[in-house]
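*Asks:* So that we are looking at the same thing, I have put the structure below in structure tokens.
The values are calculated or read from the model by the stated rules, or taken from the named source; none is laboratory data. Just so we're clear, the structure is a prediction, and the values are computed from it rather than from any experiment. Neighbour counts run over all protein chains shown; Cβ positions are idealised from the backbone, glycine included.
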Amino acid sequence: MNSGQLSFDDLGVPLQDVTWVVVDLETTGGSPAKGARITEFGAVKVRGGEVIGEFQSLVDPQIPIPGFISVLTGITDQMVAGAPRIESVLPAFLEFAHDTVLVAHNAPFDIGFLKHNARDLDIPWPGNAVVDTATLARKTFTRDEFPNVKLASLAAKLSTVSPDHRALTDARATVDVLHAIFERLGPRGISTLDDLTTFTAKVTEQQRRKKHLADGVPAAPGVYLFRDANDEILYVGTSKNLRSRVRSYFTAAETRSKMNQMIAMAQRIETIVCATGVEAAVRELRLIVRHRPAFNQRSKNAEKANWLKLTNEPWPRLTIVKSVQDDDADYIGPFGSRRAADAAREILFESTQLRQCTQRLPINPQVPSCILAEMGRCLSPCDGSTTTVEYSSEVHAVRGVLTRDPQDLVARQHQRMQDLSAMERFEEAASIRDRTHTLLRAISRTQRLRAITQEPEIIASEPTDAGWNVHVIRFGRLATAGFLGRDSDPELWLSQLVALAETVEPGFGPAPAALVEETEIIARWLESDGVRLIRGSWVWPATMAARYLDRFSWDDHLASLDA
């Protein structure tokens, strides 16, 4: 088994290779929500039909055990006095159960108690897959064989252990029941964890009929494409294990109605094996943007962008555009929507006297001024009220905010928020907070893009257990990717990789020679732990706008008012 908890990429594991922890709890009552506490843990770890470990502990519930519970289980107040408390036992059990599938008879009861106590103790629930032997038995055996699926009834025929309402004994009996179920299911073709999941849950007939589409899919990282009868792409996805991920679409793990519609239309599945996870993510993105598959949500927003532009003309202005051009203008973004770009521009308008009219003005304009000029909110170059030197000084200040350091704007807006809050005009203060935050995020995003898109070539590596993932990045675009094994000649291998890399021409301004989202995928990877540069360099600017974002958190702002 891989380290970590079972996920989509582990569903294809053969049952004999799965490590199971069969757990049973004894409690003071039937519901943790009503105050019932755990009094005993019992668990058996098995793999390949062999017991490889056991876990048992009484637990001090810190409340009296009801008399009828003591009669049923034999556990008394005297027995648990001095026993460890749940805050000690639960972490020990979760360590024992790490990287396993949890099994219980009537699993919602036992797992419900475990999750409830984990929440109370602020312990993250690890997310182990769960199997319920009661549900399995109900689907495996006929009513003639077992009129009911109580553990005692099943164990009477399937186990040499007699359940006695003590946790470890009952867990041992459940192990035998589990193995008996596996023996019965084997001839029915249920041999993997996803087979078992499919068997115990509701799977549509459509999913069952289309399951053969996953045959032959490799167990490797990469991209998968569902295609219809006309070979049109319906959906694009990515996974570190293509076989397991694709097979999951035909199991109960897939519950999305939209995906079931897609499966009904699918006629074949194409896969593209990738050297690294980053390559897979980039390929997925490029395919979605190129083909706009009907069942990919991201297709609706593919290539949508809004940039805030400080124009390069005799009397520059702020405008919102859909793309970056080679025109020596200054751009920030992209914004996720036109509304966000408008909000950022409004903050700049409130902090500057740049003109807000939309027409391009000649060097010597003679146009009547507008109301903004009369209010002193515009230098009014249209009617000759200002000089080119004075207006250029205002443009230079705005350019400094957009491309260098927004410190002055941040200070002004923060002071405005404080003044408005002091007057209890909280809605206006919140509006300034939100719009300034939007502007700063866009400036920060642009700075991150520019730091990478200006670099002709960056080669970086990330260590893995077997070698290194290596990426060649040119002007913010992934030019190629490869996996360097520990037994390879690194210099020869690297020269061959670089020779195969795509030739990339730079983009305009901060826009990369690729989709913005692709460059941001690469940026996040470059920032991740363990990544090392082989060639080239990149640094975030010291004046990153991101360092000011906390000032426009409402909680931080209110705290500053209270200070």
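*Asks:* Considering only the stretch 84-96, I want to know if a residue exists there that is assigned to a helix (DSSP H, G or I) and either among the hydroxyl-bearing types (Ser, Thr, Tyr) or closer than 27 Å to ARG138 by Cα (or both).
*Replies:* Of the residues in the stretch 84-96, the ones assigned to a helix (DSSP H, G or I) are 86-96.
Still in the list and also either among the hydroxyl-bearing types (Ser, Thr, Tyr) or closer than 27 Å to ARG138 by Cα (or both): 88.
Yes, that holds for at least one residue.
*Asks:* Another one. Find all pairs meeting these conditions: Cβ atoms under 7 angstrom apart; at least six residues apart or on different chains; first residue within the stretch 1-26 and among the charged types (D, E, K, R); second residue part of a loop (DSSP other than H, G, I, E, B) and modelled with pLDDT of 55 or more.
*Replies:* Here the result reads ASP9/LYS240; ASP9/ASN241; GLU26/ILE75; GLU26/HIS165; GLU26/ARG166, each pair linking the stretch 1-26 to a residue that is part of a loop (DSSP other than H, G, I, E, B) and modelled with pLDDT of 55 or more.
*Asks:* Separate question: Looking for whichever is within 23 Å of THR403 (Cα to Cα) and either surrounded by fewer than 16 Cβ atoms within 10 Å (Cβ to Cβ) or more than 25 Å from the chain's Cα centre (by Cα) (or both) here; the options are GLU455, GLU502. Which one fits? Don't jump to the end; show me each part of the working.
*Replies:* On the way: GLU502 fails: within 23 Å of THR403 (Cα to Cα).
The match here is GLU455.
*Asks:* With respect to the numbered conditions (1) farther than 30 Å from LEU225 by Cβ; (2) touching a residue at least 40 places away in the same chain (Cβ under 8 Å); (3) not hydroxyl-bearing (Ser, Thr, Tyr), which one is the sole condition not fulfilled by VAL321?
*Replies:* Every listed condition holds for VAL321 apart from (2).
*Asks:* Only residues in the stretch 377-398 that are more than 17 Å from ASN312 (Cα to Cα) and in the same structural domain as PRO316 (by TED's automatic domain parsing) count as the first member; pair them with residues that are of a type in the set (A, V, I, L, M, F, W, C) and surrounded by fewer than 20 Cβ atoms within 10 Å (Cβ to Cβ), Cβ under 6 angstrom, at least 6 apart or cross-chain, and list the lot.
*Replies:* If the second residue must be of a type in the set (A, V, I, L, M, F, W, C) and surrounded by fewer than 20 Cβ atoms within 10 Å (Cβ to Cβ), the pairs left are CYS378/LEU372.
*Asks:* Moving to a separate point now. Here is a list of conditions, (1) in a helix (DSSP H, G or I); (2) at pLDDT below 70; (3) of a type outside the set (Phe, Trp, Tyr), and THR543 meets all of them except one; can you say which number that is?
*Replies:* (1)
*Asks:* Kindly provide the set of residues from the stretch 357-369 that are surrounded by 17 or more Cβ atoms within 10 Å (Cβ to Cβ) and over 13 Å from SER385 (Cβ atoms), ordered by number.
*Replies:* Result: CYS357, single match.
*Asks:* Any residue in the stretch 320-331 that is surrounded by 14 or more Cβ atoms within 10 Å (Cβ to Cβ) and under 30 Å from THR238 (Cα atoms)?
*Replies:* yes
*Asks:* Being without any contact (Cβ under 8 Å) to a residue 24 or more places away in the chain and of a type outside the set (Val, Ile, Thr) is the filter here; which residues of the stretch 135-153 pass it?
*Replies:* Quick first cut of the stretch 135-153, residues without any contact (Cβ under 8 Å) to a residue 24 or more places away in the chain only: 138, 142-150, 152-153.
Within the stretch 135-153, ARG138, ARG143, ASP144, GLU145, PHE146, PRO147, ASN148, LYS150, ALA152, SER153 meet the criteria.
*Asks:* Going through LYS240, LYS258 one at a time, which residue ends up being within 21 Å of the chain's Cα centre (by Cα), touching a residue at least 40 places away in the same chain (Cβ under 8 Å) and surrounded by fewer than 20 Cβ atoms within 10 Å (Cβ to Cβ)? Please lay out each step first, then the result.
*Replies:* Working: LYS258 fails: touching a residue at least 40 places away in the same chain (Cβ under 8 Å).
Sole residue among the options that is within 21 Å of the chain's Cα centre (by Cα), touching a residue at least 40 places away in the same chain (Cβ under 8 Å) and surrounded by fewer than 20 Cβ atoms within 10 Å (Cβ to Cβ): LYS240.
*Asks:* Considering only the stretch 353-400, state which residues are at pLDDT below 90, in a helix (DSSP H, G or I) and closer than 22 Å to GLY333 by Cα.
*Replies:* Scanning the stretch 353-400 gives no hits.
*Asks:* When you scan the stretch 111-122, do you find a residue that is modelled with pLDDT of 95 or more and outside any helix (DSSP H, G or I), even just one?
*Replies:* no
*Asks:* Checking the condition closer than 17 Å to PHE295 by Cα and at pLDDT below 90, which residue from ARG256, ARG243, ARG227, ARG209 passes? Show your work before the answer.
*Replies:* Numbers: ARG243 fails: closer than 17 Å to PHE295 by Cα; ARG227 fails: at pLDDT below 90; ARG209 fails: closer than 17 Å to PHE295 by Cα.
The unique qualifying residue is ARG256.
*Asks:* Evaluate the stretch 269-277: report whether one residue or more is surrounded by fewer than 16 Cβ atoms within 10 Å (Cβ to Cβ) and in contact with a helix residue (DSSP H, G or I) (Cβ under 9 Å, 6 or more places away or on another chain). Walk me through how you get there before you give the answer.
*Replies:* Step one: list which residues in the stretch 269-277 are surrounded by fewer than 16 Cβ atoms within 10 Å (Cβ to Cβ), which gives 270, 273.
Narrowing the set further to residues that are in contact with a helix residue (DSSP H, G or I) (Cβ under 9 Å, 6 or more places away or on another chain) leaves 273.
The answer is yes; a qualifying residue exists.
*Asks:* May I ask you to verify whether VAL289 is touching a residue at least 60 places away in the same chain (Cβ under 8 Å), within 30 Å of PHE250 (Cβ to Cβ) and of a type in the set (A, V, I, L, M, F, W, C)?
*Replies:* Details: touching a residue at least 60 places away in the same chain (Cβ under 8 Å): yes; within 30 Å of PHE250 (Cβ to Cβ): yes; of a type in the set (A, V, I, L, M, F, W, C): yes.
Yes, satisfied.
*Asks:* Moving to a separate point now. Considering LEU213, LEU185, LEU168, which residue is touching a helix residue (DSSP H, G or I) at 6+ places or on another chain (Cβ under 7 Å), at negative phi and surrounded by 15 or more Cβ atoms within 10 Å (Cβ to Cβ)?
*Replies:* Working: LEU213 fails: touching a helix residue (DSSP H, G or I) at 6+ places or on another chain (Cβ under 7 Å); LEU168 fails: touching a helix residue (DSSP H, G or I) at 6+ places or on another chain (Cβ under 7 Å).
Of the residues listed, the single one that is touching a helix residue (DSSP H, G or I) at 6+ places or on another chain (Cβ under 7 Å), at negative phi and surrounded by 15 or more Cβ atoms within 10 Å (Cβ to Cβ) is LEU185.
*Asks:* Further, regarding this structure: Please work out if ASP408 is at negative phi and not aliphatic (A, V, I, L, M).
*Replies:* Yes: the conditions hold for ASP408.
*Asks:* Mind checking whether some residue in the stretch 476-486 is touching a Leu at 6+ places or on another chain (Cβ under 7 Å), surrounded by 20 or more Cβ atoms within 10 Å (Cβ to Cβ), at pLDDT 90 or above and among the charged types (D, E, K, R)?
*Replies:* No; the residues of the stretch 476-486 include none that is touching a Leu at 6+ places or on another chain (Cβ under 7 Å), surrounded by 20 or more Cβ atoms within 10 Å (Cβ to Cβ), at pLDDT 90 or above and among the charged types (D, E, K, R).
*Asks:* On the basis of being surrounded by fewer than 19 Cβ atoms within 10 Å (Cβ to Cβ), farther than 26 Å from ALA545 by Cα and among the basic types (Lys, Arg), does ARG377 make the cut?
*Replies:* Working: surrounded by fewer than 19 Cβ atoms within 10 Å (Cβ to Cβ): yes; farther than 26 Å from ALA545 by Cα: no; among the basic types (Lys, Arg): yes.
Here the answer is no, as ARG377 does not meet what is asked.
*Asks:* Related question: In the stretch 307-359, what residues are more than 13 Å from THR438 (Cα to Cα) and either of a type in the set (D, E, K, R) or outside the structural domain of GLU390 (by TED's automatic domain parsing) (or both)?
*Replies:* Passing the criteria: LYS309, GLU313, ARG317, LYS322, ASP326, ASP327, ASP328, ASP330, GLU350, ARG355.
*Asks:* I've got another one for you. Confirm whether VAL131 is more than 22 Å from ARG85 (Cβ to Cβ), more than 36 Å from the chain's Cα centre (by Cα) and assigned by TED's automatic domain parsing to the domain that holds ILE38. I'd like the intermediate steps shown before the answer.
*Replies:* Numbers: more than 22 Å from ARG85 (Cβ to Cβ): yes; more than 36 Å from the chain's Cα centre (by Cα): no; assigned by TED's automatic domain parsing to the domain that holds ILE38: yes.
No, not satisfied.
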